[in-house]
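Worksheet: one structure, shown below.
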Amino acid sequence: MTLSTLPFSQEVNFSNMMAGPITNLWQQRHQGTLQGVNHCQLSWVSLTPGKSNKVIVVVNGRIESYYKYQELFFDLINQGYHIYALDHRGQGMSQRLTTDTEIGYVDQFDDYVTDLHSFITEIVKPQGYQQHFLLGHSMGGTVSSLLLARYPSLFDRAVLSAPMHGIYLKPSLRFIAEPLARFNDYMHQRPTYAPGQRSYYAKPFANNPLTHSEIRFQWSKVLYQQQPQLRLGGASNRWVWQSITAARQSITEAKNIITPTLVLQGSADHIVDNQAHHLFCQQIPQYSRLVTIADARHELLFESDQYRNIALTEICNHFATP
């Protein structure tokens, strides 16, 4: 397949696409709110141009907002899908949970799962689509994994992009990160940043662990400049404790999953633990498939074309399988 015939947006035309058709589509979005656990106001978006009997629910990662995924939504809609996406509590356009609005915090990780279930059952399912698909990235992959295990009949097929089934840690931190975060959370009355974490700042592209795509990376930084309310900084001790526990739980509960599930990983991912993906898939060998994209970093949906094209092709093929 040549560059000119690829069905997905490409870096060479990225600026023109964002300024033209992608922005035009984004302006047709519908944004709504939903009450989550403990009356937290959650923000969601839908893109439903034309008629379709199939919908993809996109579940983003930590610090992210659905605003970041405009290009992805455009590409998936061009494949004939409608899109619904939810911003997690404490980030994006949803209600923040702490006085310091830039600290990544969650009281109980299961709140993310309950919020997502409410979004699907109260907002998405009543639309009457014939086919329902789930696409979860990173932390959203953990949330999606737990949802699939606890509510097995919600979706026809699912894709987990670099799911956080384990956090990539240096060997020296592997056994102390969780108890240390739990202890630090216990010792402070207010949420505090985990060691090495801080409030939001614009990180440089050079040597970043997320993506090889400089144009997509810089676009996201401009987005945060233009909409500072989207910014989120480092993780709190409680988020680290809750997330390590939830990642482990997502593997334990995976045996309950009956939804055909594709797991995508980048071989150069130093954000999540790729070995944990193998453990996850071993729990559901008849329902899972693991695809490794050589040399790709963590943000497979935001990577350079040579990696992103593979990821999107795998996603679309998986969802199109009868």
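The values are calculated or read from the model by the stated rules, or taken from the named source; none is laboratory data. Everything numeric in this text was worked out from a predicted model, so none of it was measured. Reconstructed Cβ throughout: ideal geometry from the backbone, glycine too, with neighbour counts over all protein chains shown. Just the protein is used for accessible areas: all its heavy atoms, side chains included, with ligands, DNA and RNA removed. Shrake-Rupley method; radii C 1.70, N 1.55, O 1.52, S 1.80 Å.
Roll a 1.4 Å probe over the protein chains and send me the accessible area per residue for the chain in Å².
Details: 14090 Å² over 322 residues.
Per-residue value: 44 Å².
Pull out the extension gain between THR245 and ASN207, defined as 0.36 nm times the separation in residues minus the alpha carbon to alpha carbon distance; nm, one decimal. Each step should come with its number before you reach the end.
Numbers: separation 38, 0.36 × 38 = 13.68 nm, distance 2.90 nm.
In short, 10.8 nm is gained.
Output the antiparallel fraction of DSSP beta bridges having both residues in the chain, as a percent to the nearest 5.
Values: 12 of 39 bridges.
Looking only at bridges with both residues in the chain, the antiparallel portion is about 30 percent.
Multiply the residue gap between LEU180 and GLN225 by 0.36 nm, knock off their C-alpha separation, and tell me the result in nm, one decimal place. List each step's numbers first, then the result.
Values: separation 45, 0.36 × 45 = 16.20 nm, distance 3.37 nm.
In short, 12.8 nm is gained.
Of the listed values (i) 1.44; (ii) 0.98; (iii) 0.94, identify the label whose number matches Cα Rg over 2.2 N^0.38 Å calculated from this model.
Comparing each candidate, only (iii) matches the computed number.
Hey, can you rank 295-301, 227-233 by average C-beta count inside 10 Å, highest first? Could you put the intermediate results ahead of the total?
Numbers: 295-301: 23.7, 227-233: 16.0.
The most tightly packed comes first, giving 295-301, 227-233.
Could you give the length gained on full extension between SER172 and HIS30, defined as 0.36 nm per residue of separation minus the Cα-Cα distance, in nm?
Values: separation 142, 0.36 × 142 = 51.12 nm, distance 4.65 nm.
Here the answer is 46.5 nm.
For the chain, what does the helix formula give at 222 nm: sum of -39500 (n - 2.57) over DSSP H segments with n ≥ 4, over the residue count, nearest 500 deg cm²/dmol? Walk me through the numbers before you get to the answer.
Values: 10 runs with 104 residues, N = 322.
That comes out to -9500 deg cm²/dmol.
What relative contact order, as a whole-number percentage, does the chain give when Cα pairs under 8 Å and 6 or more residues apart are counted? The partial results should precede the final answer.
Values: 617 pairs, mean separation 61.7, N = 322.
Relative contact order, the chain: 19 percent.
Of all the accessible heavy-atom surface of the range 141-249, with the other protein chains kept in place and a 1.4 Å probe, what percent is carbon and sulfur? Don't skip to the answer; put the middle values down first.
Details: 3090 of 5640 Å².
Of all accessible area on the range 141-249, carbon and sulfur atoms account for 55 percent.
Given the chain, what count of lysine pairs have C-alpha atoms under 20 Å apart, with each pair 8 or more places apart or on different chains?
Numbers: LYS51/LYS125; LYS54/LYS125; LYS68/LYS203; LYS68/LYS221; LYS203/LYS221.
Total qualifying Lys-Lys pairs in the chain comes to 5.
Can you give the three extents of the C-alpha atoms in the range 237-307 along their principal axes, from longest to shortest, in whole Å?
Principal-axis extents of the range 237-307 (Cα, largest first): 36, 34, 17 Å.
For a distance above 28 Å, tell me the whole-number percent of Cα pairs in the range 187-322 that qualify.
Tail of P(r) above 28 Å: 31 percent of Cα pairs.
Order these peptides, 255-266, 12-23, 174-185, by their mean beta-carbon neighbour count within 10 angstrom, highest first. It would help to have the intermediate numbers written out before the result.
Working: 255-266: 20.9, 12-23: 13.9, 174-185: 15.8.
Answer by packing, highest mean first, reads 255-266, 174-185, 12-23.
With a 10 Å radius around each residue's Cβ, average the other Cβ atoms per peptide and rank 114-121, 62-69, 159-166, highest first. If you can, show how the numbers build up before the last one.
Values: 114-121: 19.1, 62-69: 23.0, 159-166: 27.8.
Top of the packing list down: 159-166, 62-69, 114-121.
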